[in-house]
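These notes concern the structure reproduced below.
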Amino acid sequence: MKKINKGDLLVSMPEILDDAIFNRTVIFITEISNDSVTGFILNKCHQFNLTDVDKRISEHKIKIYDGGPLSKEKIYFIHNKPQLIPESVKFYKNMCFGGDFNKVIELINDGLITNNNIRLFSGYTGWDYKQLVDEIENKCWFVSDQKNIKLGMNDENLWKNLMMAKGGKFQIWSNAPSDPLLN
């Protein structure tokens with residue numbers, strides 16, 4: 001099996017269609033150790049945005065994504081502006097995790113950070129390292145070869161596009177309805 005690395009995209013396999021949390025998800029791996037793996041679901045946007053949960057934000061429409069089932073009451077973020085956000089931790093190329101959230105609010109209000117620079121999540125996804133390896137070996141996930149993630153990307157078709165890029169039988173699944181009963 002291919003080693004899991006920070007910056008990898010974990011793509012749910014069609015075989016887990018009955019999983020309400022992970023069906024058709026793409027997870028960006030941000031942290032990895034011998035014991036655990038942490039990441040965020042990139043393609044499940046909430047109906048609310050940051051102005052709905054933090055009244056310090058002016059009229060900017062910064063989206064909030066469902067990052068996963070763990071610690072849903074907390075807001076986490078990844079970004080590409082480490083030079084502007086103190087206490088950021090670089091995890092992959094120009095991508096960073098966390099930092100001073102009060103500074104983030106200030107930068108958003110000043111128009112210096114947009115959806116192209118930051119992605120906010122309620123909750124995160126995590127596994128015991130061995131558990132994730134077992135799930136990959138049991139065909140719940142595949143690690144995508146695609147590595148060109150942009151924070152402002154259109155996430156609506158992300159899972160479908162990664163399935164198409166994988167090719168073969170995955171191309172057929174990419175066009176299947178999310179609810180097989182609608183077929």
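The values are calculated or read from the model by the stated rules, or taken from the named source; none is laboratory data. Quick caveat: nothing in here was measured; it's all calculated off a predicted structure. Positions of Cβ are backbone-derived with ideal geometry, glycine not excepted, and every protein chain shown enters the neighbour counts. For accessibility, only protein heavy atoms count, side chains too; no ligands or nucleic acids. Shrake-Rupley method; radii C 1.70, N 1.55, O 1.52, S 1.80 Å.
The set of residues in region 55-70 being open to solvent by less than 40 Å² (accessible area, probe 1.4 Å) and part of a strand (DSSP E or B) consists of 64, 65, 66. For beta carbons closer than 6 Å, sequence separation of 6+ or different chains, a first residue in region 87-106 that is touching a residue at least 24 places away in the same chain (Cβ under 8 Å) and among the aromatic types (Phe, Trp, Tyr) and a second that is open to solvent by 40 Å² or more (accessible area, probe 1.4 Å) and in a strand (DSSP E or B), the qualifying pairs are 91/97; 97/89.
Among the conditions (1) over 19 Å from residue 5 (Cβ atoms); (2) open to solvent by less than 40 Å² (accessible area, probe 1.4 Å), the only one that residue 86 does not satisfy is (2). Out of curiosity, is residue 63 more than 20 Å from residue 100 (Cβ to Cβ) and modelled with pLDDT under 95? Taking the combined requirement at face value, the residue satisfies it.
Every residue in region 14-54 that is in a loop (DSSP other than H, G, I, E, B), farther than 22 Å from residue 114 by Cα and open to solvent by 10 Å² or more (accessible area, probe 1.4 Å), please. Scanning region 14-54 gives 17, 18, 19, 20, 21, 22, 23, 24, 33, 34, 35. Of the residues making up region 108-159, just one is within 16 Å of residue 12 (Cβ to Cβ), open to solvent by 40 Å² or more (accessible area, probe 1.4 Å), touching a residue at least 24 places away in the same chain (Cβ under 8 Å) and part of a helix (DSSP H, G or I), namely 137. The residues of region 92-107 that are open to solvent by 20 Å² or more (accessible area, probe 1.4 Å) and under 30 Å from residue 20 (Cβ atoms), listed by number, are 92, 97, 101.
Reported count of residues in region 37-64, each being over 25 Å from residue 23 (Cβ atoms) and touching a residue at least 60 places away in the same chain (Cβ under 8 Å), is 1.
For the residues 100, 66, 54, 19, the requirement of being over 15 Å from the mean Cα position of the chain (by Cα), within 30 Å of residue 145 (Cβ to Cβ) and acidic (Asp, Glu) singles out 19.
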